[in-house]
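Notes for the one structure printed next.
Values quoted throughout were computed directly from the atomic coordinates according to the rules given, and no laboratory measurement underlies them. Every value quoted in this text rests on a predicted model; they were computed, and no experiment measured them. Ideal geometry is used to build each Cβ from the backbone, glycine not excepted, and the neighbour counts take in all protein chains shown.
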Amino acid sequence: MCIRAFLWLGLFLLPVLAQGGTPAALLQLGEFEAAWSQGRASENLADLAAAAEAANLMAQYRARGDAERRVWLERAQQAARRAMRLFPDAAEGHYQLAHAQAEVIRLVGVLAKLGLASKIKEGLDRALSLDRDHPRALMGLALWHLQLAGRGFGWLYGASLGAVVPLFERAVALAPENIEIRKNYGFALIELGRARKARGQLEQALALSARSEPDRLHQARARALLAGLGR
C-alpha cells in the first residue's frame, strides 16, 4: 500500500519537478537568482521575461544596499534588452526594461532622472502600443505619472496626477487578482491623499490568495502600507 502511494505521489510530482528548472517556475518559487541565471541567455521570451523580473525582485527585496541593487537592476535591463532584440514586437520586453529603469531612477541624481524619465515613458508607451491591455504596463504608466507629477520637472513630460486613478482602474479591471497591482494602487492612493480608498485596495491585496513567492513579497509590502495608515 505504501509503495503504491509512493508511486502515485511520484507520478503526481513528475510534472512539477520537470517544470522546476524553468526560469518562470524558479521565479514563482522565489529562487530569483537561479531564475535570472537560467533565463538570461535564453532565446525564449518567457524565460527572458522571468529572468528580468527575477533580477528586479532581487533588487527590490533582497539586495543589501544600493550597490547591489544597481547590479541586479543592470542584470534586469540586460535580460529585457535581449528580449526586445529577439522579440521586438512583444510588449513584455519593453515593459520589463521600463520596469527596471523605474527602479534605477530612485538611485540616480537629478540629471540622470531627467534622461531616464523619458526612456521609461517611451518603453511603457511602446509596450502599450503592442498590447493595449497589458495590465502591468498600465500600472507602470500610472506610477510614472504619480512620481513625475509630484516633482518640479514633471510638467516637462506631460505627467498628470489626474491620469493615475483611471490607469490603475483599467489595470485592476484587466487583472483583478493581481496582488502587485492592487498593492501599488493602494500606495498611489496614499500618495494622492485618498486613505479610505487606499485601505480598500490594500485589504483586497491581502485577501487574495498568494500563489507564489513574489505574491507573498507584495503582500508583505501591502501589509506594511496598511499598518502605516493606522485606524
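Brief remarks follow.
- All helices (runs of 4 or more DSSP H) inside the stretch 89-162 with 3 or more residues being in contact with a Lys or Arg (Cβ under 7 Å, 6 or more places away or on another chain) and closer than 18 Å to residue 51 by Cβ: 91-104
- Any hit, the stretch 116-126, residues being surrounded by fewer than 22 Cβ atoms within 10 Å (Cβ to Cβ), of a type in the set (A, V, I, L, M) and over 14 Å from the mean Cα position of the chain (by Cα): yes
- For the stretch 166-182, the set of residues classified as surrounded by fewer than 19 Cβ atoms within 10 Å (Cβ to Cβ), assigned to a helix (DSSP H, G or I) and not aliphatic (A, V, I, L, M) consists of 166, 169, 170, listed by residue number.
- The C-beta contact set for the stretch 183-209 (first residue buried (at least 22 other Cβ atoms within 10 Å of the Cβ), second residue polar (S, T, N, Q) and part of a helix (DSSP H, G or I), distance under 7 angstrom, 6+ apart or interchain) comprises 185/201; 186/201; 189/201; 205/219.
- Within the option set 134, 145, being buried (at least 21 other Cβ atoms within 10 Å of the Cβ), free of Cβ contacts under 8 Å to residues at least 40 places away in the same chain and under 22 Å from residue 164 (Cβ atoms) holds for one residue only, 145.
- Some residue of the stretch 156-165 being over 19 Å from residue 133 (Cβ atoms) and surrounded by 19 or more Cβ atoms within 10 Å (Cβ to Cβ): yes
- Scoring residue 64 on the criteria (1) under 22 Å from residue 218 (Cβ atoms); (2) assigned to a helix (DSSP H, G or I) leaves a single failure, condition (2).
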